[in-house]
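Student: Here you go, one structure.
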Amino acid sequence: MGEQPVLEVSHERKPLEIMYQSPDLVAINKPHGLLVHRSMIASDASEFAVQLLRDQLGQRVYPVHRLDRKTGGVLLFALNEMMNSVMQQQFAEGTVHKTYLAIVRGYTDDELEIDYPLRRDDGVTQDAFTKLKTLKRTEVALPFGKHATSRYSLVELKPTTGRFHQLRKHLAHIFHPIIGDRPHGCNKQNKLFKEHFGMETMLLHAQEIRFKHPVSNKEIIISAPLQTEFARMLAVLFGE
């Protein structure tokens with residue numbers, strides 16, 4: 001028998017998915033697991049959204065807000081320092097409207113306002129407010145603890161403040177933690193999803209941001225489709 005050909009495997013990351021681009025702003029659909037920028041906390045990472053987008057566009061980019069490493073979805077960048085400053089001010093003033101989707105443990109209320117202050121690492125307590133709306137509920141034949149089935153909800157989240165890990169902490173506070181969240185979530189549920197579904201992603205997706213463009217004054221709405229793992233779990237749990 002002749003020698004089998006050696007298959008070369010490419011490890012190059014696909015180009016970042018651009019959801020919106022103008023002369024001074026660009027938005028991507030950030031994959032789960034990708035850091036926005038270098039961090040001392042995550043020294044294991046070798047790829048970052050800032051550098052990848054800079055190389056993809058061939059110009060400097062400025063992240064005007066943040067998404068957790070494990071959160072996917074809309075991430076907005078400025079393409080010059082002036083726009084970076086203006087957009088950061090809009091985020092700080094709460095005039096940028098953000099909508100997230102999450103899959104959480106248990107059956108959540110139809111609608112809920114979570115007004116629960118959060119404490120920073122330096123001890124300072126800050127007001128934090130999140131609006132929750134339940135989109136779907138499901139009960140699946142997946143035993144958990146003493147229960148023969150497991151219940152989950154798909155929720156829409158609208159934070160009006162932007163505190164560190166706000167959505168993750170708020171959902172844990174109302175005892176409906178986001179699936180895949182560590183350290184604020186339920187480790188037993190996370191283990192269940194890893195063992196039963198092979199799922200290790202945090203099921204939190206930045207679906208949409210809305211703001212007025214500082215130059216044109218037009219309302220800009222940027223939406224991002226679900227990443228693969230979130231869509232897969234939505235199909236598995238809710239039949240979509």
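All of the numbers you see were taken from the coordinates with simple rules; none came from a lab. Because the structure is a prediction, the values reported are computed rather than measured. Cβ placement follows ideal geometry from the backbone for every residue including glycine, while neighbour counts extend to all protein chains displayed.
Student: Looking at the chain as a GNM with Cα springs under 10 Å, which of L192, L35, L157 has the largest mean-square fluctuation?
Tutor: The residue that fluctuates most here is L192.
Student: Let me ask something else about it. Can you give the % of DSSP beta bridges in the chain that are antiparallel, to the nearest 5? Display every interim value, and only then the final one.
Tutor: On the way: 47 of 50 bridges.
Antiparallel: roughly 95 percent of the beta bridges in the chain.
Student: Determine the gain in length on full extension of the stretch Q126-V86; use 0.36 nm per residue of separation and subtract their C-alpha separation, reporting nm with one decimal.
Tutor: Numbers: separation 40, 0.36 × 40 = 14.40 nm, distance 2.31 nm.
Net length gain for the segment: 12.1 nm.
Student: Quick one: which of 163-172, 120-129, 91-100, 222-231 comes out on top by average Cβ neighbours within 10 Å, and what's the full order, highest first?
Tutor: Values: 163-172: 20.4, 120-129: 10.8, 91-100: 15.6, 222-231: 17.9.
Most protected by this proxy first, the peptides run 163-172, 222-231, 91-100, 120-129.
Student: Okay, next question. Rounded to the nearest 0.05, what FRET efficiency do E93 and T228 have when you use their Cβ-Cβ distance and R0 = 30 Å? Provide the component values of the computation, followed by the final result.
Tutor: Working: r = 35 Å, r/R0 = 1.15.
That gives a FRET efficiency of 0.30.
Student: Pairs to check: K70/K158; K30/K131; K133/K194; K169/K218. Give those whose C-alpha atoms are more than 29 Å from each other in this structure. List each step's numbers first, then the result.
Tutor: On the way: K70/K158 18 Å; K30/K131 23 Å; K133/K194 27 Å; K169/K218 33 Å.
With Cα atoms farther than 29 Å apart: K169/K218.
Student: Can I ask one more? Taking the Cα-to-Cβ direction at F175 and at S216 and moving 7 Å from each Cα, how far apart do the two end points lie in nm?
Tutor: With each label placed 7 Å out from Cα toward Cβ, I get 4.8 nm.
Student: Explain nothing, just the number: dipole magnitude of the chain about its Cα centre with +1 on each Lys and Arg Cβ and -1 on each Asp and Glu Cβ, in debye rounded to the nearest 20. Can you show the working numbers first?
Tutor: Values: 31 positive and 28 negative charges, 100 e Å.
Result for the chain is approximately 480 debye, rounded to the nearest 20.
Student: Something else now. Relative to 2.2 N^0.38 Å, what does the C-alpha radius of gyration of the chain come to as a ratio? Two decimals please. Write out the running numbers ahead of the final one.
Tutor: On the way: Rg = 19.5 Å, N = 240, 2.2 N^0.38 = 17.7 Å.
Relative to the rule-of-thumb radius for its length, the chain sits at 1.10.
Student: For segment 197-240, what does the equivalent ellipsoid look like in terms of its semi-axes, each the square root of 5 times an eigenvalue of the Cα gyration tensor, given largest first in whole Å?
Tutor: Values: eigenvalues 204, 20, 7 Å².
Equivalent ellipsoid of segment 197-240: 32, 10, 6 Å, largest first.
Student: In nm, what is the difference between 0.36 nm times the number of residues separating K14 and D55 and their Cα-Cα distance?
Tutor: Values: separation 41, 0.36 × 41 = 14.76 nm, distance 1.25 nm.
Length gained, K14 through D55: 13.5 nm.
Student: Of F144, V104, P23, which is farthest along the charge dipole of the chain in the positive direction, counting Lys and Arg as +1 and Asp and Glu as -1 at C-beta?
Tutor: F144
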